Amino acid sequence: MAPRPPKKHTPGSAAIHHEEEEDEHEHNSQENEPMEVLKRANNVVINGNKRREIKRKAIETEHEQRVKEVRAKIESLHAARQTRVTKIQNDAREKLEALNSRRESLEKQVLASMMRVESQTKMIATEMDAMFSGRLEDLEEDSLTTRP
């Protein structure tokens, strides 16, 4: 930058002294100007990095929160499904137990019925044997009495 033209003041010792200070300050600022620009550039970079870091952390935090929410939702859905599956399995088990009891009852009834049929068949066989034996005896007696 080009040096600024000196400001015009009214003559006086205070004004001259003030002008000298301004000239000296301008001279120092011209010497320090590249350093100032470098410092400002560094500050801009640092501030940019800080902003980026803040945004990155905000995004990471938001991501972690979403992951937690999704995980909680999945676990909730899994627990609900597990509850439904367990209930369905218990209902099916109860139905199977009822059907098994009914089957056992029917098997007992069939067995009892078969035992009655067997018993009655044996009883009829015994009665028929006795009847046939009696008939045979009667026939033999008739054949002996009718024989000359």
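Can you tell me which residue among 143, 105, 76 is out of contact with any Leu (no Cβ under 6 Å at 6 or more places or on another chain), loosely packed, with under 10 Cβ neighbours inside 10 Å and in a helix (DSSP H, G or I)?
After ruling out the rest, the residue left standing is 143.
Which numbered condition in (1) at pLDDT 95 or above; (2) open to solvent by less than 80 Å² (accessible area, probe 1.4 Å) is the only one that residue 30 fails?
Among (1) at pLDDT 95 or above; (2) open to solvent by less than 80 Å² (accessible area, probe 1.4 Å), residue 30 violates only (1).
The values are calculated or read from the model by the stated rules, or taken from the named source; none is laboratory data. Keep in mind that what you see is a predicted model, and the values were worked out from it rather than measured. Neighbour counts are summed over all protein chains in view; Cβ atoms, including those assigned to glycine, are modelled from backbone coordinates with ideal geometry. Only protein heavy atoms, including side chains, enter the accessible area calculation; ligands, DNA and RNA are left aside. Shrake-Rupley method; radii C 1.70, N 1.55, O 1.52, S 1.80 Å.
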